[in-house]
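One structure is given here, and the rest of the page talks about it.
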Amino acid sequence: DNYGPQIPIGGGCFSGKDPSKVDRSAAYAARHIGIHYLKKHKAKEVFCYLAYAIGYPQPLEATVVIDGKQQLVTGFDLTPKGIIKWLDLKKPQYEQTARYGHFGHKNFNWEKL
């Protein structure tokens, strides 16, 4: 249901959750942000960290580590509503995640720039 042991996930699963749950939507946003910074900086490795708390629409943490150098994520609406709108997460598309997994399939908005 996620990337595997190298990528830390806070424990929430994606399947069965609607996109308003940041377990799912923020993971998709982090994937998109990671791809964005990877291409923007021509990096070899990018980790994106987003941390949320119940009752707070903005993330408590929004950082990327680009080839070992940390910086703040900027230029993205990282509220749950913002992510849903930005990645068009209300569009029926989740059957494909059951077939192909959540990442690496080019039809998903979080995989596109």
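General remarks:
- Qualifying position, being assigned to a loop (DSSP other than H, G, I, E, B) and of a type outside the set (Ser, Thr, Tyr), among LYS90, LYS81, LYS39: LYS90
The rows are residues; the columns are (1) open to solvent by 30 Å² or more (accessible area, probe 1.4 Å); (2) modelled with pLDDT under 75.
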site	(1), (2)
GLN6	yes, yes
SER20	yes, yes
ARG24	no, no
HIS32	no, no
TYR37	no, no
HIS41	yes, no
ALA53	yes, no
PRO59	no, no
PRO92	yes, yes
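- Considering ILE83, ILE66, the condition of being surrounded by 12 or more Cβ atoms within 10 Å (Cβ to Cβ) and under 13 Å from TYR28 (Cβ atoms) is satisfied by ILE83 alone.
The values are calculated or read from the model by the stated rules, or taken from the named source; none is laboratory data. Keep in mind it's a predicted model, so treat the numbers as computed, not measured. No Cβ is skipped: glycine too gets one built from the backbone with ideal geometry, and neighbour counts run over all protein chains shown. The area values use the complete protein model at the heavy-atom level, side chains included, leaving out ligands, DNA and RNA. Shrake-Rupley method; radii C 1.70, N 1.55, O 1.52, S 1.80 Å.
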